[in-house]
Structure formats: structure tokens, C-alpha cells
């Protein structure tokens with residue numbers, strides 16, 4: 001596992017949609033370095049031929065009848081939007097010129 | 001007062017439900033200024049539900065099992081029409097249009113919502129200090145933390161500000177605060193209880209469970225909230241047994257395993273270790289057989305968890321984009337810019353840190369080294385437990401390596417805080433049920449908790465052993481003088 005620098009954190013912050021100020025990037029770099037350094041102990045564990053766990057307790061396919069149901073909270077759900085216009089969510093422009 | 005005792009008083013007409021609610025609210029106003037267990041109270045709702053229960057009682061209608069029991073609910077469980085904040089600026093004004101399955105089941109059983117309790121922001125933390133709305137104090141010593149992330153629920157139960165509470169447990173968030181506050185906290189088997197309406201943190205680990213003052217109450221609450229739910233496909237389609245059925249039965253012959261690796265840990269305080277070993281002897285005198293067992297990968301739990309939980313969190317928290325609900329930063333530049341500012345402004349630092357760790361671990365080139373590796377070690381941890389449960393019925397450990405720590409003692413050092421979850425995390429990784437209950441006090445008079453871990457769906461036996469120990473040890477009766485818990 002590699003060392004973390006502020007460039008990595010800046011890149012990850014961008015992927016995670018976090019517009020962080022430079023001083024926070026520096027703080028998080030130090031902390032991530034320490035945390036991922038601790039996590040690196042997993043490297044020493046032999047996991048050859050070990051299946052990864054995807055769920056703690058195994059469940060089989062959960063099926064139900066495909067029945068149309070009316071969702072009664074539609075209006076309330078749309079109304080939670082910070083910027084609503086009619087039945088739409090209003091957002092800033094998506095494409096740049 | 002235990003739930004059964006209350007039920008008797010209510011049915012005999014000795015006390016009315018409204019009187020109890022009024023008493024609770026009065027007490028909250030007196031005590032909670034110094035604790036800050038509650039984020040908000042539901043006074044009007046509580047009184048009107050209580051009145052209905054009293055009317056039903058006087059007209060001779062059969063009362064449901066939790067009739068009139070005042071409940072506190074961790075503020076990451078959606079309550080219809082009642083603000084649900086996750087202690088985050090992101091959801092400061094979020095009013096869910098639907099009810100979580102667990103709370104719906106409580107209200108259908110007659111329970112009364114008193115208020116919503118404080119937590120670490122989005123349940124990320126072990127001290128309730130990362131709440132955007134201020135920390136909660138430990139009722140035993142106000143300068144100490146109540147544990148976390150369900151610290152508000154634990155503190156509320158411990159100081160008599162409700163009769164029982166719900167919390168959620170992803171890596172110990174019910175058991176560790178229960179231990180710090182001297183109450184009972186139960187994390188059920190993964191899938192025993194529906195997660196519908198629980199704000200998602202790490203979906204493969206999250207589980208809802210009760211906080212109570214005693215084991216019998218924990219069984220009663222679990223009874224009501226358990227069982228399959230068509231709205232949560234990870235909720236197991238398994239029959240729900242009667243959790244109180246065997247409480248009074250002797251535990252003679254039950255095999256209890258002591259995990260070598262967790263008693264050898266240097267981070268565990270001597271007082272905590274001694275207290276839990278003393279409890280082990282108590283189990284022995286009740287007829288249980290003590291067996292030394294080994295879980296070689298137990299101590300890799302934290303490293304495994306701090307890959308898996310942040311990875312799942314980074315995906316789950318991607319939904320907070322400033323578009324559909326929650327906080328939105330003012331920015332007309334572009335959609336991406338608005339979302340990035342929204343998340344930078346409304347998430348606190350612990351949440352941001354975990355999103356960064358998770359995004360990093362899942363990003364191209366690192367996925368196999370971190371996420372896949374952690375999932376493989378998770379398999380090994382589960383296999384260790386499976387092997388143990390061939391030899392024993394239950395496992396016994398301390399719940400937390402120490403008693404409640406001072407507020408602020410882990411500031412700016414997130415890793416040291418993470419390490420305090422050493423003993424609780426493995427049960428989440430393996431999906432096992434586990435309970436914390438008081439087993440003694442340290443020299444400062446702070447409660448110490450023991451943890452019992454059961455096999456998958458083994459809640460009945462877990463509760464039986466916990467109950468038998470509780471009755472025999474009578475720990476709370478030896479509660480030190482002069483603690484600040486205003487009972």
C-alpha cells in the first residue's frame with residue numbers, strides 16, 4: 001500500500017464531491033496516512049484462496065409478487081427538495097458552455 | 001422501573017400513562033440541561049398517546065405489551081413527521097415522510113415517543129462528540145463522554161429520562177455506550193431486525209437494538225422490533241422465538257468461551273479485565289463451564305472495519321447532493337460545484353474523513369488492496385467465530401477496553417478513538433448477536449461492562465445467560481455512592 005500525499009487527498013476529495021479548503025486537505029492527509037498505515041496490517045494476513053464476505057449472514061434471493069402499488073408520499077417527497085419547481089428539482093446548470 | 005413492573009402499575013390503575021409521561025418530561029427538563037441526551041422532545045405527541053392509552057385502559061380494552069412505555073429514539077431512525085437529523089447539519093431540517101419499521105412496531109405495541117436522542121454525526125464516532133448540535137455528557141461523570149455513537153440513548157436510559165431506548169450498532173455503537181453508562185445494550189444478529197428507515201451508514205454492518213435498565217426489558221423490546229420485513233430484503237425470514245422464554249432457566253452446563261486474544265491485549269485496563277474475569281467466575285458458580293478459546297484474527301477487526309465501514313459509508317452518503325433533500329449550499333456556478341460545496345459545508349470532519357477513506361479504498365487501483373482484502377479478512381474473522389461456536393455456546397469479553405474517557409481526550413487523533421472499538425467490532429463483522437451489561441465499577445465509580453457474544457440467531461441463549469448473571473451478581477445494587485446519576 002502506498003504513501004498518501006496531499007495530491008491523493010485532493011483527487012479523492014474531488015471524486016467524493018467535497019470542496020475542501022487547503023488547510024483541511026493538509027490535516028486529512030496526515031490523518032489518512034496514519035489510519036491507512038494502521039490498516040496496512042491486513043497485508044500480513046494470508047488470504048490466499050479466501051472468499052471475500054459480501055454479507056455477514058447468508059440470505060437467498062428475496063422475491064415478491066410484482067404488483068403495482070401507489071406511493072402516497074410522492075408530493076411530500078418532492079417537497080423536501082431545497083429548490084422545487086412544480087414537480088421538478090431545480091439545479092444549477094449541468095453542462096458548461 | 002422495569003417494563004413488567006410498569007405494566008402492572010398501569011393495569012391496576014395505580015399510575016396513569018399520562019402521569020408517567022408528565023413525570024418523565026419534568027425530569028428531562030430538570031436533568032437534561034446538563035446531559036444533553038435529547039435533541040428534541042415530543043411533548044404534545046407523548047401526552048396525547050398517553051391519554052389514549054389511559055382511555056383504553058379504563059374502558060377495559062386489552063393493552064399491548066409496551067403500552068405507555070416512554071421511549072427515546074436515536075435520531076438516525078426516521079420518525080414520520082418528526083425531525084430526524086442524524087446530528088448533522090446536512091439533515092438539520094429533514095422531516096421524514098415515513099416511519100422506520102422498528103419505531104412503527106414500537107408504536108403499534110403501545111410505546112410512547114418521548115424524544116429523539118443525540119448521536120455522533122451519522123453514527124460515526126465512539127463518544128457522541130461529533131454531533132453537529134453539541135456533545136452529550138456521561139451521567140456518571142459529566143466531564144466524561146457517554147460513549148457512542150448512540151450516546152444520547154444510553155445516557156437517557158441511565159439517568160431515567162425514558163424507560164427504554166433504541167440505538168443502532170455498526171461497530172459497537174449500542175454496546176460501548178451501554179457499557180460507559182451502566183445500562184444494558186443489545187445488538188441483534190444481522191438481519192434479525194429491519195433496517196428500513198434507519199439512515200444508512202454501513203449497510204452490511206448496521207443493526208438496530210434496545211437500551212434498557214435490565215436484561216428482561218431488553219428481551220421484551222427485542223420481541224417487538226424483531227422479525228421479517230418486506231421493506232428490508234436483508235432482514236431474515238426467520239421465525240421470532242419468545243426471547244423471555246428461558247430467562248429463568250439455569251445456565252448449568254452452558255459453555256462460555258474466553259477469547260485469549262482479547263484478554264491479552266495491552267490496551268485493556270487492568271480494572272476492566274479483572275472485573276470481567278470476576279464475572280466469568282460468577283458464570284462458573286452458576287454452573288457454566290469456562291473454556292479458553294482462540295480467535296487468531298480477532299485483533300484485525302479494527303483494520304478490517306476501517307476499510308469496510310468507510311467504503312460503504314462513502315457510497316451510502318453519496319445521496320446527500322443538495323438536490324433531493326437536506327442542506328444545499330448557495331451556488332449557481334454548476335451542479336458539481338453546488339454539490340461539492342454542500343457536502344463540504346454540511347458534513348462534519350469525522351464524516352468527511354470517513355468518506356475520504358472509503359472513496360480512496362474503493363478507487364481504481366486500490367480496490368483489491370483495501371476493500372477486497374478487508375472482505376477476505378472478514379471471512380477469516382467469521383470462520384474463527386464459527387470454530388469457537390463448535391466448542392462453546394457463548395463468548396465473554398469486556399465490552400470496551402476502558403471505562404468512559406474524558407471529553408476531548410481523543411481530539412485531533414481519530415485513530416486512537418477508533419482503537420476503542422476493538423472488542424465490539426468483530427461481532428458486527430461476523431453478524432453475531434452481542435449484549436453489554438454492567439459487571440462492576442472502577443476506582444472512580446464508573447461502570448464497567450461485559451460483553452456476551454452469541455452464535456447467529458442465538459439471542460435466546462444470550463439473553464438467558466445475561467439474565468442469570470444479572471440476577472446473581474446484582475451489580476447495580478453495589479452502585480457506588482456519590483455518583484452524579486440523579487435517580
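The values are calculated or read from the model by the stated rules, or taken from the named source; none is laboratory data. If you're wondering where the values come from, they're calculated on a predicted model, not measured in any experiment. Cβ coordinates were reconstructed from backbone atoms using ideal geometry, including for glycine residues, and neighbour counts include every protein chain displayed.
Does at least one position in the stretch B:421-435 carry a residue that is in contact (Cβ under 8 Å) with a residue 40 or more places away in the chain, part of a strand (DSSP E or B) and closer than 23 Å to residue B:281 by Cα?
yes
Among the numbered criteria (1) in contact with a helix residue (DSSP H, G or I) (Cβ under 9 Å, 6 or more places away or on another chain); (2) assigned to a loop (DSSP other than H, G, I, E, B); (3) modelled with pLDDT of 95 or more, which single criterion is violated by residue B:410?
(3)
Has the stretch B:250-263 got at least one residue that is free of Cβ contacts under 8 Å to residues at least 24 places away in the same chain, farther than 30 Å from residue B:98 by Cβ, away from every other protein chain (no Cβ under 14 Å) and assigned to a helix (DSSP H, G or I)?
no
Yes or no, residue by residue, for (1) closer than 30 Å to residue B:130 by Cα; (2) modelled with pLDDT of 95 or more; (3) surrounded by fewer than 21 Cβ atoms within 10 Å (Cβ to Cβ):
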| position | (1), (2), (3) |
| --- | --- |
| B:25 | yes, yes, yes |
| B:31 | yes, no, yes |
| B:39 | yes, yes, no |
| B:43 | yes, yes, yes |
| B:75 | yes, yes, no |
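So which residues in the stretch B:303-313 are more than 7 Å from chain A (Cβ to nearest Cβ) and surrounded by 23 or more Cβ atoms within 10 Å (Cβ to Cβ), if there are any at all?
B:305, B:308, B:309, B:310, B:311, B:313
Would you mind telling me which numbered condition in (1) under 18 Å from residue B:9 (Cβ atoms); (2) in a helix (DSSP H, G or I) residue B:44 fails?
Residue B:44 satisfies every listed condition except (1).
Considering only residues that are at pLDDT below 95 and more than 8 Å from chain A (Cβ to nearest Cβ), which ones fall in the stretch B:352-365?
B:364, B:365
Does at least one position in the stretch A:58-72 carry a residue that is assigned to a loop (DSSP other than H, G, I, E, B) and surrounded by 17 or more Cβ atoms within 10 Å (Cβ to Cβ)?
Scanning the stretch A:58-72 turns up no residue that is assigned to a loop (DSSP other than H, G, I, E, B) and surrounded by 17 or more Cβ atoms within 10 Å (Cβ to Cβ).
Of the conditions (1) at the interface with another protein chain (Cβ under 9 Å from one of its Cβ atoms); (2) out of contact with any strand residue (DSSP E or B) (no Cβ under 8 Å at 6 or more places or on another chain), residue B:316 fails just one. Which one is it?
(1)
For the stretch A:84-97, enumerate the residues that are surrounded by fewer than 14 Cβ atoms within 10 Å (Cβ to Cβ) and in a loop (DSSP other than H, G, I, E, B).
A:86, A:87, A:90, A:93, A:94, A:95, A:96, A:97
Just the residues that are at the interface with another protein chain (Cβ under 8 Å from one of its Cβ atoms), surrounded by fewer than 22 Cβ atoms within 10 Å (Cβ to Cβ) and closer than 27 Å to residue B:306 by Cβ, please, taken from the stretch B:335-351. So that I can check it myself, show each step before the final result.
Step one: filter the stretch B:335-351 for residues at the interface with another protein chain (Cβ under 8 Å from one of its Cβ atoms), giving B:335-341, B:343-344, B:347, B:349.
Keeping just the survivors that are surrounded by fewer than 22 Cβ atoms within 10 Å (Cβ to Cβ) gives B:335-337, B:341, B:344, B:349.
Passing the criteria: B:344, B:349.
Residue-by-condition table, conditions (1) crowded, with 17+ Cβ neighbours inside 10 Å; (2) touching a strand residue (DSSP E or B) at 6+ places or on another chain (Cβ under 9 Å); (3) not in a loop (DSSP other than H, G, I, E, B):
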{"residue": "B:56", "(1), (2), (3)": "yes, no, yes"}
{"residue": "B:62", "(1), (2), (3)": "no, no, no"}
{"residue": "B:106", "(1), (2), (3)": "yes, yes, yes"}
{"residue": "B:115", "(1), (2), (3)": "yes, yes, yes"}
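Taking the condition of being facing chain B (nearest Cβ under 7 Å) and either in contact with a strand residue (DSSP E or B) (Cβ under 8 Å, 6 or more places away or on another chain) or touching a residue at least 24 places away in the same chain (Cβ under 8 Å) (or both), how many residues in the stretch A:58-82 meet it?
The total comes to 1.
Here are some residues: B:332, B:300. Which one is at the interface with another protein chain (Cβ under 9 Å from one of its Cβ atoms) and modelled with pLDDT of 95 or more?
Every option except B:300 fails the conditions.
Among (1) within 15 Å of residue B:74 (Cβ to Cβ); (2) touching a helix residue (DSSP H, G or I) at 6+ places or on another chain (Cβ under 6 Å), which single condition is residue B:203 missing?
Failing condition for residue B:203: (1).
Can you tell me which residue is farthest from the other protein chains (Cβ to nearest Cβ) among those in the stretch B:319-329 that are without any contact (Cβ under 8 Å) to a residue 60 or more places away in the chain and on the phi < 0 side of the Ramachandran plot?
So, considering only residues that are without any contact (Cβ under 8 Å) to a residue 60 or more places away in the chain and on the phi < 0 side of the Ramachandran plot, the one farthest from the other protein chains (Cβ to nearest Cβ) is B:319.
Which of the numbered conditions does residue B:394 fail, given that it passes all the others? Conditions: (1) surrounded by fewer than 21 Cβ atoms within 10 Å (Cβ to Cβ); (2) in contact (Cβ under 8 Å) with a residue 60 or more places away in the chain.
Status for residue B:394: all satisfied but (1).
Filter the stretch B:373-429 down to residues that are facing chain A (nearest Cβ under 9 Å) and in contact with a strand residue (DSSP E or B) (Cβ under 8 Å, 6 or more places away or on another chain), then give me how many there are.
Quick first cut of the stretch B:373-429, residues facing chain A (nearest Cβ under 9 Å) only: B:373-383, B:412-415, B:418-419, B:428-429.
Subsequent filtering for residues that are in contact with a strand residue (DSSP E or B) (Cβ under 8 Å, 6 or more places away or on another chain) retains B:428.
So the answer is 1.
Across the stretch A:22-57, what is the total count of residues that are crowded, with 16+ Cβ neighbours inside 10 Å, more than 9 Å from chain B (Cβ to nearest Cβ) and without any contact (Cβ under 8 Å) to a residue 12 or more places away in the chain?
0
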